[in-house]
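Values in this text are rule-based calculations from the coordinates and carry no lab data. Worth saying up front: this structure is predicted, and the values here are computed from it rather than measured. Don't worry about glycine lacking a Cβ; one is built from the backbone with ideal geometry, like all the others, and counts go over all protein chains shown.
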Amino acid sequence: MTRTVIKLTTLAMFSLAVVAAPLSTVFAAGGDTPSSPPASDGKTKDKKKGAENSPRLEDTAFLNGYRAAYATVYDRNDYATAIAQLKALGHDERADVANLIGYSYRKLGDYKVSQIWYERALKADPAHVRTWQYYGLWQVEQGNRDQAQYHLNRIAALAGKDSPEYKSLSAALEKPPGTGLTY
C-alpha cells in the first residue's frame, strides 16, 4: 500500500512539473524522449505475459520525470535542479539519463564528475550518439582535440556525417584551440 501511494505521489508530482513546464520547440541534440535502453542479454524475462502491450505506471512516471528534467536542463538552464530530478528517477544506469547528468555537471563546471557520468553513459550504451557528442564537446573544452576527433569519428561511424551530433562537434573542432569557448 505504501509503495503504491509513493508511486502515485511521484507520478502526480512529475505530471504537475510537466504541465507547469513551458512548452518549447528547441531541442538540443535529441528530443525530450529518451531512447530505448540497449537490448537485454536475454537472462531476465518479464514474468507477466502481455506486459509489453500496456504501459506500466513506472514507465509513465519515468517518462514524465525525464521530460521534466529535460525541460529543466534545456529550457531553464537549471542544472543543479536537473541533476536532482534525474537522479530521483532511479534510472541513472540508462545512457540518456547518465548523459544528461554529465551534461549538467559540465555546464556547472564540474568536469571531473561530468566525465564520470559520460563514461557511465557510454558503458550503458556504447552506441549512444548524444553521449559521444557531449563527451566530445567536453574534450574540446578541456583542450583534448585528438580525443574530440576520436569522438567525432565514432559519431560518423554510428550516425553519419549528416547527423546533427556530428555537425555540432565538427563545428566546435573547427574553432581555433584556446578560444575558451564552452558548448
>> Being part of a loop (DSSP other than H, G, I, E, B) and either touching a residue at least 24 places away in the same chain (Cβ under 8 Å) or farther than 28 Å from L63 by Cα (or both) is the requirement here; does P176 meet it?
In response: yes
>> So, in the range 139-157, how many residues would count as being buried (at least 16 other Cβ atoms within 10 Å of the Cβ) and either of a type in the set (A, V, I, L, M, F, W, C) or not in a helix (DSSP H, G or I) (or both)?
In response: 5
>> Checking K87 against (1) surrounded by 14 or more Cβ atoms within 10 Å (Cβ to Cβ); (2) under 23 Å from G65 (Cα atoms); (3) of a type in the set (D, E, K, R): exactly one of these is not met. Which one?
In response: (1)
